[in-house]
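Novice: I'd like to ask you about the structure that follows.
Only the coordinates and a few stated rules stand behind these numbers; no lab work does. Because the structure is predicted, anything quoted here is derived from the model rather than measured. Note: ideal-geometry Cβ built from the backbone for every residue, glycine included; neighbour counts use all protein chains shown.
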Amino acid sequence: MQSENVTSQVERLLFITLIFLCCIADSGKAQCTCMGGAAVGGGAPTYGNAAMNMLPVGGMLTSASYRYGHGNTFLRGDSHTETGAVLSYTMHYLDLAFAYGIHARVTAVANLGFFPRKSQRFPDYTITGSGVSHVFLGGRYLLYRDEADGWDWNAGAGLRIPLSAASTNLPQHIDPSTGALGVSLRSHLTGSLSEDVLYLLFGQSFDISATNSAEYRYGPVLRSSIAFLCRVTEPLAVIAEIRIEHRWQDHFYDGPIDDSGMSTLVFSPQCAVRIGPLLFSPFFDYPLYRYYHGTQLANDMQAGFHLIWKSGEAAH
């Protein structure tokens, strides 16, 4: 009986972890920050959804995510300012991810990022770009697990490999690929506050990029996320997440770009519905506070959904 209870707790923990990956896996990383029509920020999400989850040996997880972003507000610091040459930006991003449990403490992950469309709208014309962004290869390691009380702490790292060089025909931000190698670090903690009802979710990430062939380097990004998840019924959960992001300034030819870098506080309400081995989770990101260095076209909203499929031992 005790063994069955532990197994049930592990299954619940796996489900909660799957939902949490929807909270922070690719939150807010595909964004635009622009001034006067010169794109000086943005990039694809660097970590696939499946990368947040620890899987048992032989367990497999596949996910597909869609994210839409839009912005038409210019900020200087935390104050609205006059509109620049760019009237607005729009972003559509797709992510396909795969994870496989190769050891009781090790999960291998991979993902592929793709932009169906990225655009900047000017008064008389629109610049658009599309294409494959990158492939990510990495893994996660289980640092601590308390199966009885429902606590799980794991960390991961990986390499983001661009699938094309920096474009000479598009502005840096409209280019679907950063054109540079990148490294991602992650830490993820899940804990049960009330058995099978309320969970605390905490995640941190740090991303850094090299300089691309156009001598452009995106600034490092540090994110912290805390969320509370409540299981309403067996297949349904609701999530309230607060996320803090700090992006350092970008560099061009080793000099910092004045109109780049920012700090944001985002509220992200979400829900998750489990239908057999399938998990569906829509989300909406609403900025509570934004501070931009210089003058930049801000990210006003992002929304989308995650579809996650478990198979093999992970589906049990």
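Novice: Highest first, please rank the peptides 168-180, 119-131, 292-304, 240-252 by the mean number of other Cβ atoms sitting within 10 Å of their residues.
Specialist: 292-304, 168-180, 240-252, 119-131
Novice: Going by average Cβ neighbours within 10 Å, how do the peptides 195-202, 273-280, 213-220 rank, with the highest at the top?
Specialist: 213-220, 195-202, 273-280
Novice: Further, regarding this structure: Once you have a ≥ b ≥ c as the square roots of the Cα gyration tensor eigenvalues for the stretch 248-316, tell me rounded if a/c is under 1.5, and otherwise prolate or oblate according to whether a/b is larger than b/c.
Specialist: prolate
Novice: In which sequence would Val232, Val106 go, from the one with the fewest C-beta neighbours within 10 Å to the one with the most?
Specialist: Taking fewest neighbouring Cβ atoms as first place, the list is Val232, Val106.
Novice: For the residue pair Ala157 and Phe280, what label-to-label distance in nm results when each label sits 7 Å from Cα along the Cα-to-beta-carbon direction?
Specialist: 3.9
Novice: Where does each of 60-68, 80-88 land if you order them by average Cβ count within 10 Å, highest first?
Specialist: Per-residue mean Cβ counts within 10 Å order the peptides as 60-68, 80-88.
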